[in-house]
Amino acid sequence: MQVLSAVTRVTTTLRELIADRGVPVAEITSHEDDEGRTVVLGGTRIVAVVASGPGHAPKVGIGMVRETARLHPGRDMILVSDGGATPYIAGHQQEISETTGGRRVETFRTAELQFNLTKHSLVPRHWRMDAEEVAECLRRHGVADTVHLPRIVPSDPVVRYYGWPCGTVVGVDRCDMNDTGLAVRSTGVRFVG
């Protein structure tokens with residue numbers, strides 16, 4: 001059995017993540033840059049940079065954000081390092097957005113992307129509901145606005161994986177056991193916020 005390196009596993013997960021965000025698989029490429037970082041390009045929309053292991057900064061800092069924005073203008077960024085983001089990155093999202101020309105910047109720790117969590121048997125299927133599904137859901141639950149639906153936090157691992165912004169309505173397929181031991185399928189609804 002071949003043991004894959006952490007960077008290889010993260011790269012595989014990033015390719016799946018980018019495809020799950022709507023980029024055609026044929027447009028997803030990866031290579032190693034001059035600094036030894038793995039770069040995954042999702043067409044013209046997304047760039048993911050993996051800086052992991054010896055010789056790389058333990059956390060994503062403002063320097064990495066600026067350099068990635070300079071090298072890949074107009075693309076949303078997913079930056080991966082062993083330690084996640086520095087406190088500055090976490091606390092200054094508005095300034096970061098201005099630095100990158102309004103592009104989205106997401107940071108992950110290497111450990112968070114070792115496997116595709118959406119393929120785990122204990123994680124129910126999640127999907128972004130379209131306008132018709134949302135209208136039917138509001139009618140069925142008897143509420144006037146999506147903010148009255150049960151919530152799922154933006155820091156939820158599945159929400160972060162798909163990159164859903166606040167205000168998104170998410171459907172969740174569940175399979176639970178009832179009192180008699182039979183499997184019962186149900187669909188839940190969550191408001192990201």
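The values are calculated or read from the model by the stated rules, or taken from the named source; none is laboratory data. Here the structure is a predicted model, which means the values were calculated and not measured. Because the Cβ atoms are built from the backbone with ideal geometry, glycine has one as well, and the counts that use them run over all protein chains shown. The accessibility values were calculated without ligands, DNA or RNA, using every heavy atom of the protein model including side chains. Shrake-Rupley method; radii C 1.70, N 1.55, O 1.52, S 1.80 Å.
Some observations on this one:
- Between Asn178 and Ser155, the distance separating the two model label sites (each 7 Å from Cα on the Cα→Cβ line) works out to 3.7 nm.
- Accessible area of segment 6-48 belonging to carbon and sulfur atoms, whole % at 1.4 Å probe: 48 percent
- Extended-chain gain in nm, criterion 0.36 nm per residue less alpha-carbon gap, Glu112 and Asp130: 3.7 nm
- Global geometry of segment 89-193, whether rounded, prolate or oblate, following the gyration tensor of its Cα atoms and the 1.5 cut on a/c: oblate
- In the chain, a dipole from Cβ-located charges (positive for Lys and Arg, negative for Asp and Glu) runs towards its positive end, and of Val143, Pro154, Pro87 it is Val143 whose Cα lies farthest in that direction.
- As a length-normalised measure over Cα pairs under 8 Å and 6 or more apart, the relative contact order of the chain settles at 16 percent.
- Dipole check for the chain: with +1 at the C-beta of Lys and Arg, -1 at the C-beta of Asp and Glu, and the Cα centre as origin, the magnitude is about 140 Debye.
- Mean Cβ neighbour count within 10 Å, used as a protection proxy, ranking 108-120, 78-90 highest first: 78-90, 108-120
- Whole-Hz couplings from phi, Karplus 6.51/-1.76/1.60, listed for segment 87-99; x for Gly and Pro: x, 4, 4, 5, x, 10, 4, 5, 5, 4, 4, 5, 4
- Estimated distance in nm for a label pair at Val25 and Thr44, the labels positioned 7 Å out from Cα along Cα-to-Cβ: 2.4 nm
- Accessible surface, per residue, of segment 58-178 when the full set of protein chains is kept, probe 1.4 Å, Å²: 56 Å²
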